[in-house]
Amino acid sequence: MNPNHLERDKTARHRLISKVLSPALWLFIRSQVEQVSHLEVEIASSDRQILSGSIPRLSIFADRVVYKGLHFAKIRLMGEEMQTNLRQTMRGQPLQLLEPMVVSGEAMLQETDLNASLQSDLLSTALTELLSKLAPSCNLLQAQVDWTRIAIAPESLLLQGNLVNFSHTIPITLKCGLQLSSCHELLLTQPQLQIFSSSLWEQLEDYAIDLGSHVNLKELTLQVGQIVCRGSITVMP
C-alpha cells in the first residue's frame, strides 16, 4: 500500500479520536455529574478497538465534583474494557455504555465537601437512617434530624445536628471510629451518642454498613480534615 495512503488513514483515525470519541466521552462523563471545575479524559486504545467501540483503558481526572449532591475535592479514576455505541455516536447519537465496566481509582473528600453534602437528601437521609439503627431510643418517627456539621479526625468522625420535634429542638452529637470491615463493608466502631450538649455519652454497639457487591474498597484513610478512598466499583449501563 502506498505510504501516503497509510499516513492519511492514520490521520483520519486520529481525527476519529480527537473529533468524535474524546468530545463524546467528555460529554458523557460531564452529564453524569451536577458540577465539575476541571475534567480531563484520556483514552488508550488501538485503531481497530476504537472503530469497534471498545476502549481498553480510560483515565478520568476531575476536581471539585458534585455527584447527586455529594461533593468531592478530587477524583482520579481508570476504567477498563469500556464498550460503547461508537458507530451510533458517529451518526450523532449520545454515547452510551453497553456493558458493565470496572472503574478503579481514588477519591478525596474534605471536611468542607462533607459539610456541603449535608444539604443533599442522599447524605442527610442516610445519616438519619443510620442514627435510627444505632439508637432506636431517639424515636425518629416523631422527629426530624437537621444535620449541621461533620468533622474528620484520624480514624474517627464527629457528626452534629438537631432533633426537631414539633416546637422542640434538641442538639445531638454522634462520634465513632470508621474503618473497612471488608472490601464492600464499612464498620462504625465504638459509636457514642450525646443528646443535649451537657449530658453523658451513651455507648452504642458497633455497626456494619454494606455498600453492595459492586463496590471493592482497598483502602479508607481518615486524616485531619479529609477522607481518602481507594478501590473500584462496577458501573452498570
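What to note about this one:
- With respect to being of a type in the set (Gly, Ala, Ser), in contact with a helix residue (DSSP H, G or I) (Cβ under 9 Å, 6 or more places away or on another chain) and surrounded by 12 or more Cβ atoms within 10 Å (Cβ to Cβ), GLY177 falls outside the description.
- Residue within region 142-153 that is open to solvent by less than 60 Å² (accessible area, probe 1.4 Å), in contact with a strand residue (DSSP E or B) (Cβ under 8 Å, 6 or more places away or on another chain) and either polar (S, T, N, Q) or assigned to a helix (DSSP H, G or I) (or both) present: no
- Considered as a group, the residues in region 81-101 that are in contact with a Gly (Cβ under 7 Å, 6 or more places away or on another chain) and either of a type in the set (A, V, I, L, M, F, W, C) or not in a strand (DSSP E or B) (or both) include one that is modelled with the highest pLDDT, and that residue is MET101.
- Filter result (without any contact (Cβ under 8 Å) to a residue 12 or more places away in the chain and over 18 Å from the mean Cα position of the chain (by Cα)) within region 108-135: GLU129, SER132
- Meets criteria (of a type in the set (D, E, K, R) and either in contact with a strand residue (DSSP E or B) (Cβ under 9 Å, 6 or more places away or on another chain) or modelled with pLDDT of 95 or more (or both)) for GLU111: yes
- Residue match in region 176-193 (condition: in contact with a Phe, Trp or Tyr (Cβ under 6 Å, 6 or more places away or on another chain) and either among the hydroxyl-bearing types (Ser, Thr, Tyr) or at pLDDT 90 or above (or both)): yes
- Test for GLY105: is it in contact (Cβ under 8 Å) with a residue 24 or more places away in the chain, among the small types (Gly, Ala, Ser) and closer than 20 Å to ALA24 by Cβ: no
- Of the residues making up region 102-130, those that are assigned to a helix (DSSP H, G or I) and among the charged types (D, E, K, R) are GLU111, ASP113, ASP121, GLU129.
- Within region 180-204, considering residues that are without any contact (Cβ under 8 Å) to a residue 40 or more places away in the chain and outside any strand (DSSP E or B), the one least open to solvent (accessible area, probe 1.4 Å): SER199
Residue-by-condition table, conditions (1) touching a helix residue (DSSP H, G or I) at 6+ places or on another chain (Cβ under 8 Å); (2) open to solvent by 40 Å² or more (accessible area, probe 1.4 Å); (3) not in a helix (DSSP H, G or I):
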{"site": "LEU25", "(1), (2), (3)": "no, no, no"}
{"site": "HIS38", "(1), (2), (3)": "no, yes, yes"}
{"site": "ILE43", "(1), (2), (3)": "yes, yes, yes"}
{"site": "GLN49", "(1), (2), (3)": "no, yes, no"}
{"site": "ILE55", "(1), (2), (3)": "yes, no, yes"}
{"site": "ILE60", "(1), (2), (3)": "yes, no, yes"}
{"site": "VAL65", "(1), (2), (3)": "no, no, yes"}
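- Residue in region 215-225 that is open to solvent by 40 Å² or more (accessible area, probe 1.4 Å), under 30 Å from ILE29 (Cβ atoms) and outside any strand (DSSP E or B) present: no
The values are calculated or read from the model by the stated rules, or taken from the named source; none is laboratory data. All figures in this text were calculated on a predicted structure; none of them were measured in a lab. Backbone-built Cβ (ideal geometry, glycine too); neighbour counts: all protein chains shown. Note: areas computed on protein heavy atoms with side chains; ligands, DNA, RNA excluded. Shrake-Rupley method; radii C 1.70, N 1.55, O 1.52, S 1.80 Å.
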